[in-house]
Amino acid sequence: MQLAALLPIRPVTYLGQVLIAAASGAAGRWTFRAKDLGQVVADCSARAVPIVTVVNVLVGAILAFVGAVQLIKFGAGIYVADGVAIAVAREMAAIITAVVMAGRTGAAFAAEIATMQANEEVDALEVLGLDAIDFLVVPRVFAMLTMMPLLFIYAVITGLFGGMVVASGMLNVSTAAYIDRVADALSWAHLGLGLAKAFVFGALIGLVGCYCGLYAKRNAAGVGVATTSAVVVAIVGIIVLDAVFAVCANALDI
Amino acid sequence: MTLLAVDQLEMRFGDRLIQTGISFKIEKGTIFAVMGGSGCGKSTLLKHLVGLLPPASGRVTYQGVDYWASDDAQRAKLRAGFGMLFQSAALWSSMTILENVCLPLEQHTTLDAAARERRAREALEWVALAEFAHFFPADLSGGMKKRAGLARAIAAQPPLLFLDEPSAGLDPISSKRLDDLVLEIRERTGAAVVFVSHELPSLFAIADDGIFFDADSKHPIAHGSPSALRDTAEHPTVRAFLRREEPPAPQTAAGGTSNNAQSTPP
């Protein structure tokens, strides 16, 4: 069998087109409207804050609770802060935020672009000489790339807050002691790793959501399939990439 | 002056032949109808003409330039000369009607923002939608969407307009208004119009020339203005279509007809 037959030609072509369009945009030749970019950025950031807050506070609290149950047995309850800080910064904030964004924003990208395909809106752009990749995909991927790291930082803070609530409630750890332990446990390496993940997950969610929308079948069922695929592929991709990050971090001793 | 020439175009979906041997020319100011039964490839032809779908073979030339043999830069230049009204209007749903009409001007002209808005408002006034400029497409009726789509197509005053079923789904009065608009656009801008339609009153009212596709034989079976074809066409399918008569019975392999109806030889 020829090697070319094994390659997923369409996704690879799509990725190449997005990279070329992004490079062209970086050189100042973008075709999307600033207003559209603003709306997508707001969707990927401010409008996602409530759900990101709720989920990450709860995850921080759950981590603290699980840790507390075990650590109390050894009289080491204060170290719950270390466990929450490292788990949130290295893993949970990035993964949980990415999963929420895949279900919320990635699905919205897929549904919106698939509906545009079904309504011939993408054809109308092409007839006008506007490339769908430039006009629809680049601003969405750019927004996810830039907003995910910010959401990650926010998710870390809210996760730590959730852990603090449980630590002070269950273990009577003072706020000052909790913050002191967190500051001691958290290193730039942990935060850097989480930040790198958030950046990569953001790109993945944006790319997958737009891809599923752009290549959807032109009917109502196609919109549904595109939306489901965008969420499933993005979540599976996030887990796979996280595993790759874990291996790399271990190899690099991070 | 020939604006558009189609030469021996063949349309396929994968291995399935849709139509072959399509050739015609469109002069400046001509309103050209693409006719035929449902599923015979009329809308697909428009996609080949506006650059959305490459044909299986044949040439599409705009003022002598072969579209499908051109590079991207040349195609972009040629596309600046098109305006297209899609069957579903295909207005960009995230934009207001005014923004929809402004975008082609932004893309194809060097006008500043104020001039673009002025021009877009003129186009909307022309189609009687000036007061709906800040509405979103979802807030408009089907007929209004079609008119907004027409305003978007004509805003940059392209020499060539493509209209895909402009009157489909409209009531007779809205349909008549749209026909009058098309005639007025031709009058005022001198644009040539290629339109796909099933609506007989529209075909007879506005088309000067046309081509008729046959889904069975998979090639064009008549050329000419719809009213002339109605009166003089020899092919029974064309006559039946344009006179709203019972269609001829399809021929069987044995040479007879598939039912007991009388067939008229072409």
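Taking the conditions exactly as written (assigned to a helix (DSSP H, G or I) and within 12 Å of chain A (Cβ to nearest Cβ)), does B:LEU98 satisfy them or not? Here the answer is no, as B:LEU98 does not meet what is asked. Taking B:ILE185 as the residue in question, decide whether it is open to solvent by 10 Å² or more (accessible area, probe 1.4 Å), assigned to a helix (DSSP H, G or I) and either among the β-branched types (Val, Ile, Thr) or touching a Leu at 6+ places or on another chain (Cβ under 8 Å) (or both). It is false that B:ILE185 is open to solvent by 10 Å² or more (accessible area, probe 1.4 Å), assigned to a helix (DSSP H, G or I) and either among the β-branched types (Val, Ile, Thr) or touching a Leu at 6+ places or on another chain (Cβ under 8 Å) (or both).
Okay, residues lined up against (1) in contact with a strand residue (DSSP E or B) (Cβ under 9 Å, 6 or more places away or on another chain); (2) farther than 27 Å from A:LEU125 by Cβ; (3) not polar (S, T, N, Q):
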residue: B:GLY14; (1), (2), (3): no, no, yes
residue: B:LEU17; (1), (2), (3): yes, yes, yes
residue: B:THR20; (1), (2), (3): yes, yes, no
residue: B:THR44; (1), (2), (3): yes, no, no
residue: B:ASP71; (1), (2), (3): no, no, yes
residue: B:LEU78; (1), (2), (3): yes, no, yes
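Among residues of segment B:1-24 that are of a type in the set (S, T, N, Q), those with a beta-carbon under 9 Å from a residue that is assigned to a loop (DSSP other than H, G, I, E, B) and surrounded by 12 or more Cβ atoms within 10 Å (Cβ to Cβ) at least six positions away or on a different chain give the pairs B:THR2/B:LYS28; B:THR2/B:GLN63; B:GLN19/B:CYS40; B:GLN19/B:GLY41; B:GLN19/B:ALA215; B:GLN19/B:LYS218; B:THR20/B:ALA56; B:THR20/B:LYS218. In the set (1) more than 14 Å from chain A (Cβ to nearest Cβ); (2) modelled with pLDDT of 90 or more; (3) over 28 Å from A:ALA118 (Cα atoms), B:ALA113 fails one condition alone, (1). Can we say A:ILE51 is at pLDDT 95 or above, within 24 Å of A:ALA143 (Cβ to Cβ) and surrounded by fewer than 20 Cβ atoms within 10 Å (Cβ to Cβ)? Considered against the rule, which asks whether it is at pLDDT 95 or above, within 24 Å of A:ALA143 (Cβ to Cβ) and surrounded by fewer than 20 Cβ atoms within 10 Å (Cβ to Cβ), A:ILE51 comes out as yes. Only residues that are more than 10 Å from every other protein chain (Cβ to nearest Cβ) and either open to solvent by 20 Å² or more (accessible area, probe 1.4 Å) or at positive phi (or both): list them for segment B:71-95, please. Within segment B:71-95, B:ASP71, B:ALA73, B:GLN74 meet the criteria. Give the residues of segment B:33-70 that are in a loop (DSSP other than H, G, I, E, B), of a type in the set (A, V, I, L, M, F, W, C) and more than 14 Å from every other protein chain (Cβ to nearest Cβ), sorted by residue number. Result: B:CYS40, B:ALA56, B:TRP68, B:ALA69.
Every listed requirement among (1) modelled with pLDDT of 90 or more; (2) among the acidic types (Asp, Glu); (3) open to solvent by 20 Å² or more (accessible area, probe 1.4 Å); (4) over 14 Å from the mean Cα position of the chain (by Cα) is met by B:GLU246 save one, (1). Of the helices (runs of 4 or more DSSP H) entirely within segment A:105-172, those holding at least 3 residues that are at the interface with chain B (Cβ under 10 Å from one of its Cβ atoms) occupy A:107-118, A:121-127. Within segment A:1-48, being at pLDDT 85 or above, more than 14 Å from every other protein chain (Cβ to nearest Cβ) and open to solvent by 30 Å² or more (accessible area, probe 1.4 Å) holds for A:ILE9, A:ARG10, A:PRO11, A:VAL12, A:THR13, A:LEU15, A:LEU19, A:ALA22, A:ALA23, A:VAL41, A:ALA46, A:ARG47.
The values are calculated or read from the model by the stated rules, or taken from the named source; none is laboratory data. Here the structure is a predicted model, which means the values were calculated and not measured. In this analysis, Cβ positions are derived from the backbone assuming ideal geometry, glycine residues included, and neighbour counts consider all displayed protein chains. Calculation scope for accessible area: heavy atoms of the full protein, side chains included, ligands and nucleic acids excluded. Shrake-Rupley method; radii C 1.70, N 1.55, O 1.52, S 1.80 Å.
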